[in-house]
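Enquirer: Just passing along the structure, written as structure tokens.
The values are calculated or read from the model by the stated rules, or taken from the named source; none is laboratory data. Since this is a predicted model, take the numbers as computed values, not measurements. FYI the Cβ positions are ideal-geometry reconstructions off the backbone, even for glycines, and counts take in every protein chain you see. We work out accessible area using only protein heavy atoms, side chains counted, and drop any ligands, DNA or RNA first. Shrake-Rupley method; radii C 1.70, N 1.55, O 1.52, S 1.80 Å.
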Amino acid sequence: MALVVQKFGGTSVADLDRIRHVAGRIARTQREGHRVVVVVSAMAGETNRLLTLAREAARVPDERESDALVSTGEQVTAALTALALHDQGVPARSFLGHQVRIETDSAFGRARIVRVDAERLLAAVAGGAVAVVAGFQGVDGEGSITTLGRGGSDTSAVALAAALKADVCEIYTDVDGVYTSDPRIVPRARKLARVAYDEMLELASLGAKVLQIRSVEFAKRYRVPIHVRSSFNDNEGTWVVEEESAMEQVSVAGVAHDRDQAKLTVQRVPDRPGVAARLFGPIARAGIVVDMIIQNASADGTTDLTFTVPRGDYDKARALVEGSARDIGAQGIAGQLDVAKVSIVGVGMRTHAGIAARMFDVLSSEGINIQMISTSEIKISVIIDEKYTELAVRTLHDAFIRT
Ligand code: ADP
Ligand code: ASP
Ligand code: MG
């Protein structure tokens, strides 16, 4: 008898029919003799609808109240799923974040889980019921409702699996598993049977939103095996697990892309110690996450500094940079909103040489100009014009991945 955490994403609980279908699958798992804890997302589109409502109610919605509002989507599906289970003769109880108690910090909209007390869930499943938990939400030390950032139900599920010492955390979604690239962009993408935690961490942070990155961090830290699979069929999905030696034989496991990028260049900054600190300090204090940074010193004693930020933070970052640019004597600022990041990822890159050169070659053969490059041990990312995103992803997939 195993303890299984099953998480169902928005499309899997999009309407009552889908919820009944999900309840059927949960009931089957329980009939097979397992204890089941379920985590549900809001119905597809609901979180966006609630966020729009908040922005209509107030130009700059208060973050605490915004979280109180958007967390309600998951409350609805948790209760509906419990009701659908009752209808199929399965005892079930729904739980909100504070009822479980999933304690987070107070960073509304992007809270981090600090503690999970799973006693009530354990008591519920020990009594033969299915526990259905509202994903995406927690409660801070003051008792305020918090949310975990977009895609956060994945993290709720893995954190619960870790706290419950579950045998597996199943992530049910609208694709059959983790693919070598986003199947919506690359029809030839292939489902991976297994992917290493580190590869999945890179893929998630580089734009493959099939799992929220924090869920993978949790899984890696607490050694939770994740099985990503479809709620629409019974196919075996993808196992996210510890690295195995066979994984090193493949140089590139996946190709990811991220359109949520914008680029800023501070031109001809006097090349002196402290300039970068002056520039990036205010940006960091504003909570803006800077991704790639390139600095190019030229012979005349000035330097160009280029960096990327999430597109939604572009205006704020530009205003801050304009403020500091005057202080540090920069000659100008240039920006571009329509850029994208395309990356190749694989633990095999540690042992295969020449991957970067080949990547650049492949992109140049399509006439795609590379604006920025960043590398780590197991990934290479480039910034390109957004209009070439799909071409770049498909071409790299063709070049590096055996289908
Ligand atoms: P859910 O609502 O179930 O949480 P998401 O929309 O968050 O589902 O994540 C699933 C989506 O992730 C897929 O529909 C797919 O378009 C996208 N995706 C991006 N990259 C990948 C990838 N490498 N493998 C699988 N899916 C991917
Ligand atoms: N409903 C939330 C969102 O859309 C959380 C989730 O689905 O994982 O981001
Ligand atoms: Mg998701």
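Enquirer: Where does each of 275-284, 333-342 land if you order them by average Cβ count within 10 Å, highest first?
Expert: 333-342, 275-284
Enquirer: In nm, what is the difference between 0.36 nm times the number of residues separating Leu16 and Asp87 and their Cα-Cα distance?
Expert: Net length gain for the segment: 24.3 nm.
Enquirer: Here's a follow-up. Under a cut-off of 24 Å between alpha-carbon atoms, report the lysines in cross-link reach of Lys7, not counting same-chain residues fewer than 8 places apart.
Expert: By straight Cα distance, Lys7 reaches Lys165, Lys191, Lys209, Lys220.
Enquirer: Work out the FRET efficiency for Ala356 and Thr52 from their Cβ-Cβ distance, taking R0 = 30 Å, and round it to the nearest 0.05.
Expert: Computed FRET efficiency for Ala356 and Thr52 comes out at 0.10.
Enquirer: Which of the listed residues, Ser364, His21, Val269, is farthest toward the dipole's positive end in the chain, when Lys, Arg count +1 and Asp, Glu count -1 at the beta-carbon?
Expert: Of the options given, the answer is His21.
Enquirer: Ranking request for peptides 159-167, 130-138, 28-36: highest mean number of other beta-carbon atoms within 10 Å first, then the rest in descending order.
Expert: Sorting 159-167, 130-138, 28-36 by mean packing, highest first, produces 130-138, 159-167, 28-36.
Enquirer: While we're on this one: Relative to the Cα centre, what is the charge dipole magnitude of the stretch 44-140, using +1 at the beta carbon of each Lys and Arg, -1 at the beta carbon of each Asp and Glu, and rounding to the nearest 20 debye?
Expert: Result for the stretch 44-140 is approximately 100 debye, rounded to the nearest 20.
Enquirer: Apply the Karplus curve 6.51 cos²θ - 1.76 cosθ + 1.60, θ = phi - 60°, to the phi angles in the stretch 299-306 and return the couplings in whole Hz, x for Gly and Pro.
Expert: Values, residue by residue: 5, 8, x, 10, 9, 9, 10, 10 Hz.
Enquirer: Rank Ile380, Ile26, Ile328 by mean-square fluctuation in a GNM of the chain with C-alpha springs under 10 angstrom and give only the top-ranked residue.
Expert: Ile328
Enquirer: How much accessible surface area, in Å² rounded to 10, belongs to the heavy atoms of Phe108 with a 1.4 Å probe?
Expert: Accessible surface of Phe108 is approximately 40 Å².
Enquirer: I want to verify a result. In a Gaussian network model of the chain, Cα cutoff 10 Å, which of these has the top mean-square fluctuation: Glu142, Glu248, Glu199?
Expert: Glu142
Enquirer: Find how much the distance from Ile370 to Arg28 grows on full extension, using 0.36 nm per residue of separation minus their present alpha carbon separation; answer in nm with one decimal.
Expert: Here the segment from Ile370 to Arg28 would lengthen by 118.0 nm.
Enquirer: Can you tell me the dipole magnitude for the chain around its Cα centre, using point charges on the Cβ only (Lys, Arg +1; Asp, Glu -1), in Debye to the nearest 20?
Expert: Value, rounded to 20: 320 debye.
Enquirer: Here is a further query. Can you tell me the length gained on complete extension of the stretch Asp300 to Thr72, counting 0.36 nm per residue apart and subtracting the Cα distance?
Expert: Contour length minus the Cα-Cα distance gives 76.3 nm.
Enquirer: Also, quick follow-up: Across bins of 5 angstrom width beginning at 0, how are the C-alpha pair distances of the stretch 269-403 distributed, in whole percent?
Expert: Each 5 Å bin holds this share of Cα pairs: 2, 9, 18, 18, 17, 14, 12, 8, 3, 1, 0.
Enquirer: When we measure straight from the Cα of Lys263, which lysines land under 18 angstrom away, once same-chain ones fewer than 8 places off are left out?
Expert: Lys316, Lys341, Lys387
Enquirer: Would you mind computing, in nm to one decimal, how far apart the modelled labels at Asp327 and Lys209 are, each placed 7 Å from Cα along Cα→Cβ?
Expert: Going from the Asp327 label point to the Lys209 one covers 3.5 nm.
Enquirer: Related question: Convex hull over the Cα atoms of the stretch 246-309, averaged projected area in nm²?
Expert: Answer in nm², one decimal: 7.0.
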